[in-house]
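Chemist: The structure's right below; bear with me while I get my questions together.
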Amino acid sequence: TGSVAVTSGTRFDLDKETELRFEVEAGEKVQLELLSGLAEVFGSELNRNKKYTFGPGSKIAVFTWQGCSLSLTGKTEVAYISKDTPMLLYLNTHAALEQMRRQAERDNDRGPRVMVVGPTDVGKSTVCRLLLNYAVRLGRRPTLVELDVGQSSVSVPGTMSALYIERPADVEEGFSVQAPLVFHFGSTTPGTNIKLYNKLTSCLAEVFSQRCEVNRRASVGGCIINTCGWVKGSGYQALVHCASAFQVDVVLVLDQERLYNELKRDLPHFVRVVLLPKSGGVVERSKDCRRETRDEKIREYFYGFRGVSFYPHAFDVRFSDVRIYKIGAPSIPDSCLPLGMSQDDTQLKLVPVSPGRDLTHHVLSVSCAEDEGESGAGRGRGILESPVCGFIVVTAVDTQAQVMTVLSPAPRPLPRHTLLIMDIRFIDLK
Ligand code: ADP
């Protein structure tokens, strides 16, 4: 009887200001169609009589301001209509931000810089997407700053990035990621190297501010910063650092009063800190689920997504043709540090790595840093602060022949020869 359910669509009639929530079963696909009325998915409008397909594990809410009829085809784990959503509060937040953009336009000032914070699985990324969509639908050009190194919506995990938003997110695929600015962090949690995390946050803030100086629309559009769910200890300090680096005007705290109170206490008084409820629809994701999403993100980078297939290349790279680094030397007790050196220096140090078998399956960032001659020494800062031009995965290492085989989105040769190792591994099953 399962196959019957797959072929016949189920109709849902929604009143105004309600949403249909559904989750797609593992290994399944679900098709959504708007039959009448108006509806949106995380701020992207649906076209009528178009079939939208969502893959396994997708967790979707179709919201309607006016009322609508929808049809779902395929196996859903759950599908229900909820009247209880915080969407009105989110819309009001958008309206307040839009007010600030208008004022910025009038006063030749800059638009709102917004940081979205909260523990994991409270819908931070979703709120960012919503606010960006509403802004771009009004003709604004906001920037998404993605600081969630575990679940990046812009690039592969282990990166920090910025994306200039010029059109609403695609309902199925999210924002078009044509020319993101991406930095290598190298791990899925900021705690691995908090100094580097804060430094890259500052780099992104600087690049964004430079862009605002030359691009009025970017300046008025402002930015929406998505952050990690780690909100205690150094994670909290990283949020405070980010607020100051970007000179944020507004902080949206999702679902956690303690965090809200702390930020109100610690941020300058002119920063507006707002507590917002999370949506009851946001689903908690297990560790495994998170890992799968990360894996999927890397697979998409090499093999493409849905309709668009990429054909990555496999080729050998001689050890002598590349320089491989890890960022951060293992920390040693303060008392053992050479005179005049601090822990900061060790965390931001570029450590040359000689390739061995243990490099197999690791993701490597190809740094945009200019290749230099023999001595890489002293150029460390340049490499840390350089964006990434792409990623490769090491699929095999032959220490005898001194070559490694890599999976790369582009044919040989590598565009640059400075490679940075990630903690993250990807096993290519294709
Ligand atoms: P966070 O960024 O805080 O970790 P996300 O924004 O990624 O959280 O949301 C977690 C999951 O919940 C995502 O898969 C998202 O699609 C889903 N989700 C968010 N809002 C809703 C909603 N209203 N109904 C159903 N699913 C939702």
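Chemist: Out of all the residues in the range 89-104, is one or more under 13 Å from GLY222 (Cα atoms), touching a residue at least 40 places away in the same chain (Cβ under 8 Å) and basic (Lys, Arg)?
Modeler: Yes, the range 89-104 contains a residue that is under 13 Å from GLY222 (Cα atoms), touching a residue at least 40 places away in the same chain (Cβ under 8 Å) and basic (Lys, Arg).
Chemist: So, one more: Restricting the search to the range 1-28, which residues are at pLDDT below 95 and either touching a helix residue (DSSP H, G or I) at 6+ places or on another chain (Cβ under 9 Å) or of a type in the set (Gly, Ala, Ser) (or both)?
Modeler: Across the range 1-28, the qualifying residues are GLY2, SER3, ALA5, SER8, GLY9, ALA26, GLY27, GLU28.
Chemist: Now, a different point. Which of the residues that make up the range 35-80 are surrounded by 18 or more Cβ atoms within 10 Å (Cβ to Cβ), within 16 Å of the ligand (Cβ to nearest atom) and β-branched (Val, Ile, Thr)?
Modeler: Answer for the range 35-80, where residues must be surrounded by 18 or more Cβ atoms within 10 Å (Cβ to Cβ), within 16 Å of the ligand (Cβ to nearest atom) and β-branched (Val, Ile, Thr): VAL41, ILE60, VAL62, THR64, THR76.
Chemist: Could you check the range 106-118 and list, in sequence order, the residues that are in contact with a helix residue (DSSP H, G or I) (Cβ under 8 Å, 6 or more places away or on another chain) and surrounded by fewer than 17 Cβ atoms within 10 Å (Cβ to Cβ)?
Modeler: ASP109
Chemist: Restricting attention to the range 269-282, and to residues there that are within 14 Å of the ligand (Cβ to nearest atom) and surrounded by fewer than 16 Cβ atoms within 10 Å (Cβ to Cβ), which single residue is modelled with the highest pLDDT? Quick ask: steps written out before the conclusion?
Modeler: First, pick out the residues of the range 269-282 that are within 14 Å of the ligand (Cβ to nearest atom): 276-282.
Retained after the next criterion (residues that are surrounded by fewer than 16 Cβ atoms within 10 Å (Cβ to Cβ)): 277, 280.
Working: PRO277: 97, GLY280: 94.
The extreme case among them is PRO277.
Quick grid of which residues meet (1) assigned to a strand (DSSP E or B); (2) among the charged types (D, E, K, R); (3) within 24 Å of the chain's Cα centre (by Cα):
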position: ALA26; (1), (2), (3): no, no, yes
position: GLN31; (1), (2), (3): yes, no, no
position: SER36; (1), (2), (3): yes, no, no
position: GLY57; (1), (2), (3): no, no, yes
position: SER69; (1), (2), (3): yes, no, no
position: TYR80; (1), (2), (3): yes, no, no
position: ARG102; (1), (2), (3): no, yes, no
position: GLU105; (1), (2), (3): no, yes, no
position: VAL116; (1), (2), (3): yes, no, yes
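Chemist: Surrounded by 18 or more Cβ atoms within 10 Å (Cβ to Cβ), of a type outside the set (Lys, Arg), within 30 Å of ASP371 (Cβ to Cβ) and away from the ligand (no atom under 16 Å from the Cβ), is that true of ALA245?
Modeler: Details: surrounded by 18 or more Cβ atoms within 10 Å (Cβ to Cβ): yes; of a type outside the set (Lys, Arg): yes; within 30 Å of ASP371 (Cβ to Cβ): yes; away from the ligand (no atom under 16 Å from the Cβ): yes.
The answer is yes for ALA245.
Chemist: Out of GLN99, GLN103, GLN151, report the one residue that is surrounded by fewer than 24 Cβ atoms within 10 Å (Cβ to Cβ) and within 13 Å of the ligand (Cβ to nearest atom).
Modeler: Working: GLN99 fails: within 13 Å of the ligand (Cβ to nearest atom); GLN103 fails: within 13 Å of the ligand (Cβ to nearest atom).
Every option except GLN151 fails the conditions.
Chemist: Within the range 291-312, work out how many residues are among the basic types (Lys, Arg) and either without any contact (Cβ under 8 Å) to a residue 12 or more places away in the chain or within 9 Å of the ligand (Cβ to nearest atom) (or both).
Modeler: Going through the range 291-312 one residue at a time, the tally reaches 1.
Chemist: Mind listing whichever residues of the range 343-378 are surrounded by fewer than 12 Cβ atoms within 10 Å (Cβ to Cβ) and at pLDDT below 80?
Modeler: Within the range 343-378, GLY373, GLU374, SER375, ALA377, GLY378 meet the criteria.
Chemist: Pull up the range 74-107, narrow it to residues that are polar (S, T, N, Q) and modelled with pLDDT of 95 or more, then point me to the one that is farthest from PHE208 (Cα to Cα).
Modeler: My answer is SER82.
Chemist: Further, regarding this structure: Find the strands (runs of 3 or more DSSP E) located wholly in the range 241-358 whose residues include 3 or more that are among the hydrophobic types (A, V, I, L, M, F, W, C) and at negative phi, and list them.
Modeler: By residue number, 250-254, 272-276, 313-318.
Chemist: Checking GLU146 against (1) under 28 Å from THR418 (Cβ atoms); (2) away from the ligand (no atom under 15 Å from the Cβ); (3) surrounded by 24 or more Cβ atoms within 10 Å (Cβ to Cβ); (4) not β-branched (Val, Ile, Thr), which test does it fail?
Modeler: So GLU146 meets the others, but not (2).
Chemist: OK, next. Could you please let me know if THR85 is surrounded by fewer than 21 Cβ atoms within 10 Å (Cβ to Cβ), touching a Ser or Thr at 6+ places or on another chain (Cβ under 7 Å) and not hydrophobic (A, V, I, L, M, F, W, C)?
Modeler: yes
Chemist: For ARG129, all conditions in the list (1) touching a Cys at 6+ places or on another chain (Cβ under 8 Å); (2) crowded, with 24+ Cβ neighbours inside 10 Å hold save one; what is the number of the exception?
Modeler: Only one criterion in (1) touching a Cys at 6+ places or on another chain (Cβ under 8 Å); (2) crowded, with 24+ Cβ neighbours inside 10 Å is unmet by ARG129, namely (1).
Chemist: Being assigned to a helix (DSSP H, G or I), at pLDDT 95 or above and out of contact with any helix residue (DSSP H, G or I) (no Cβ under 6 Å at 6 or more places or on another chain) is true for just one of ARG129, ARG211. Which residue is that?
Modeler: Answer to the selection: ARG129.
Chemist: If you don't mind, another one. Is there any pair linking a residue in the range 247-270 that is more than 15 Å from PRO86 (Cβ to Cβ) to one that is among the acidic types (Asp, Glu), with Cβ under 8 Å and at least six apart or on different chains, and which?
Modeler: Once the first residue is more than 15 Å from PRO86 (Cβ to Cβ) and sits in the range 247-270, its partners that are among the acidic types (Asp, Glu) give PHE270/ASP249.
The values are calculated or read from the model by the stated rules, or taken from the named source; none is laboratory data. This is a predicted model, so every value here is computed, not measured. Here the Cβ is made from the backbone with ideal geometry for all residues, glycine too, and neighbour counts use every protein chain on show.
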